[in-house]
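**Q** Right, I'll just put the structure down here and ask away after.
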């Protein structure tokens, strides 16, 4: 599996002087990221993960002046763990402090340091050959650790949009955020993200997404028969999901970037079998409290500065929505919510 992975060797055993002649620069979430590697194969994975952001170059006003650096160094190593087969190397993540995140497998290791605004990863050919796994577990994780420290606060929610207005779908894991996002895509709405959005506060409020794919539970084929026969992908957290790539209008020159300048939050809940779709207003305090419950380690990373992002999102309130078993049932309601937001412009 590793025969196709070529890389420039290091002149020393510590890989201190390894040449990083493969370079790619992309404005991920509007933050310039310089990727450097000793292997073209590593940058091919970067292209798959973040290449879509090249389209943001036509909107220079959305790109921050300062950026970050990610070095991906392919080195000799072994991903086998005892007698275990090397396929899908297990991933461990650690955070020694608010500025650093460490990701490692039996043969690879990466560290992102937000204070230095750089990440470095030493990746084995075996892990790099497992392209989907290295993309989700290491390359995306390290990159987003840096980018989110640049005024891009992560919030656990899907987001669907029309024009510059977004509706954030927030709920506990398993509520069906990704399923609803994919259903919205099928009906022609923009999907900014299926799982997480990123809130920018300066110089103005924006909500960013990671477009282009959705990760669905394998049971989603019940609602979307066109997905039958797809093989699930093992994600970094150990879950197996259907990763569905879907073409979007962006980055076509006339299409809007995956960002919204106004947003409201929809709090999702399921009350049991046979429940019909319904909604009630949710106060700003309710929305903010709900979003705080899903912060996890983001609270340790960002501290009180994250509260400002949540206050902006909570705004004047939102909605609490009880879902039915069929994702299509919620779509007319979401359409009405987007229309209400558009009318307030």
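All of the numbers you see were taken from the coordinates with simple rules; none came from a lab. All of these numbers come straight from a predicted model, not from anything done at the bench. Because the Cβ atoms are built from the backbone with ideal geometry, glycine has one as well, and the counts that use them run over all protein chains shown.
**Q** Take every DSSP beta bridge with both residues inside region 153-343 and express the antiparallel ones as a percent of the total, to the nearest 5.
**A** On the way: 28 of 38 bridges.
That works out to approximately 75 percent antiparallel.
**Q** Oh, and also: Between residue 339 and residue 289, how high is the FRET efficiency from 1/(1 + (r/R0)^6) when r is the Cβ-Cβ distance and R₀ = 25 Å? Nearest 0.05. Don't skip to the end; give the middle numbers.
**A** Details: r = 27 Å, r/R0 = 1.07.
Working from the Cβ atoms, E equals 0.40.
**Q** Can you give the % of DSSP beta bridges in the chain that are antiparallel, to the nearest 5? Walk me through the numbers on the way to the answer.
**A** On the way: 49 of 70 bridges.
Antiparallel: roughly 70 percent of the beta bridges in the chain.
**Q** Quick check on the exposure proxy: order 35, 7 from fewest to most C-beta atoms within 10 angstrom. Could you put the intermediate results ahead of the total?
**A** Numbers: 35 26, 7 21.
Placing the least packed residue first, the sequence is 7, 35.
**Q** Taking the 0 to 90 degree range and rounding to the nearest ten, how far is the long axis of helix 177-186 tilted relative to the main principal axis of the chain, both from C-alpha atoms?
**A** Its long axis makes an angle of about 80 degrees.
**Q** Now for a different question. Using a Förster distance of 56 Å, how high is the FRET efficiency between residue 201 and residue 326, based on the Cβ-Cβ distance and rounded to 0.05?
**A** Numbers: r = 37 Å, r/R0 = 0.66.
About 0.90, to the nearest 0.05.
**Q** Round to the nearest 0.05 the FRET efficiency obtained for residue 97 and residue 48 when R0 = 22 Å and r is the Cβ-Cβ distance. The partial results should precede the final answer.
**A** Values: r = 31 Å, r/R0 = 1.41.
Given R0 = 22 Å and the Cβ-Cβ separation, E is 0.10.
**Q** When the helix-only estimate is applied to the chain (DSSP H runs of n ≥ 4, each -39,500 (n - 2.57), divided by the residue count), what is the mean residue ellipticity at 222 nm, nearest 500 deg cm²/dmol? It would help to have the intermediate numbers written out before the result.
**A** Numbers: 9 runs with 77 residues, N = 345.
About -6000 deg cm²/dmol.
**Q** Moving on. Starting from 0.36 nm per residue, how many nanometres of slack lie between residue 218 and residue 261 once their C-alpha separation is accounted for? Display every interim value, and only then the final one.
**A** Numbers: separation 43, 0.36 × 43 = 15.48 nm, distance 3.33 nm.
Full-extension gain reported as 12.2 nm.
**Q** Helix 284-293: angle to the longest alpha-carbon principal axis of the chain, degrees 0 to 90, nearest 10?
**A** Roughly 30 degrees between the two axes.
**Q** Treating the angle as unsigned and between 0 and 90°, give the value, to the nearest 10°, between the Cα long axis of helix 40-50 and the longest Cα principal axis of the chain.
**A** Long axis of 40-50 versus the principal axis of the chain: about 10 degrees.
**Q** Ranking 335, 293 by Cβ neighbours within 10 Å, fewest first, what do you get? Write down the numbers at each step before the final one.
**A** Numbers: 335 16, 293 10.
Lowest count first: 293, 335.
**Q** Now a separate question. Please give the length that would be gained between residue 304 and residue 40 if that part of the chain were fully extended, namely 0.36 nm times their separation in residues minus their C-alpha to C-alpha distance (nm, one decimal). Don't jump to the answer; show the numbers that get you there.
**A** Numbers: separation 264, 0.36 × 264 = 95.04 nm, distance 4.04 nm.
This chain segment gains 91.0 nm when fully extended.
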